[in-house]
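**Q** One structure, as structure tokens, below. Some questions next.
The values are calculated or read from the model by the stated rules, or taken from the named source; none is laboratory data. Note that this is a predicted model, so its numbers are computed, not measured. When we count neighbours, we look across all protein chains shown, and the Cβ atoms used for this are built from the backbone with ideal geometry, even at glycine.
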Amino acid sequence: MTFCCRITLSILFFLLPTATQAASAGDEPITISMPAEIIRQTIRDALPIPIDTQGKSVEGSIVVSSLNKLQFKDKSIVLQGVVSGRDLAMSTNLGGQNIRMKLGNVELPVSCELFLRFDKKKKILFVTPHFSKPEKKPGNETAEALFPLLTALGGREFPVDFETMAPFSANVGTREIAFRLEPVDIQTGKDMLVIKMRPKVL
């Protein structure tokens, strides 16, 4: 699972307790609006978030280690934070020879915009990350080697799997009904994330 999907799911998991309390009222969509500051704190609580580079040329671990800024735009979320690498080594082929370069422990400030597209028919949220090139700073050349790994993830749509959300149960009269929250719509507004979900009886 990519880091952008992990971030999105961490937000949605935070919303579930509120949605569960309202689910027993009926099958009408539940609308939840979350301010940017609360979501920023939710992501911070989930840190560090691993980044899957999806390649065999990188050794070590890469994580989003801190989040400094979160801002909503129309259909996107802008994040600014720090990506950290631990015990990193990269392998490349140069002139027919395999070369292994040790990077060690590095930290790189990054800015990423997550573009959201919700397919209402398929009930799938697609997230497309775009990374802004970091400002070059003297002595930070080693950390900048992380950037090509991040840009390899950019420009691609990643589906967020809502099936990973566990089903819930609610008491309706004397009956206990099991249900799953099914997304109806997901939108971004000014400093706000608006999610509509409908309980689906299992």
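**Q** Does region 159-171 contain any residue that is exposed (fewer than 15 other Cβ atoms within 10 Å of the Cβ), under 21 Å from the mean Cα position of the chain (by Cα) and at pLDDT 80 or above?
**A** Among the residues of region 159-171, at least one is exposed (fewer than 15 other Cβ atoms within 10 Å of the Cβ), under 21 Å from the mean Cα position of the chain (by Cα) and at pLDDT 80 or above, which makes the answer yes.
This table checks each residue for (1) modelled with pLDDT of 90 or more; (2) among the basic types (Lys, Arg); (3) more than 18 Å from Leu193 (Cα to Cα).
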residue	(1), (2), (3)
Pro35	no, no, no
Pro50	no, no, yes
Ile62	no, no, yes
Val83	yes, no, yes
Gly96	no, no, yes
Ser111	yes, no, yes
Phe115	yes, no, no
Phe118	yes, no, no
Lys123	no, yes, no
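**Q** Are any residues in region 187-202 of a type in the set (Lys, Arg) and assigned to a loop (DSSP other than H, G, I, E, B), and if so, which ones?
**A** Selection gives Lys190 alone.
**Q** If you don't mind, there's one more thing I want to ask. Which ones in region 112-139 are polar (S, T, N, Q) and loosely packed, with under 15 Cβ neighbours inside 10 Å?
**A** Scanning region 112-139 gives a single hit, Ser132.
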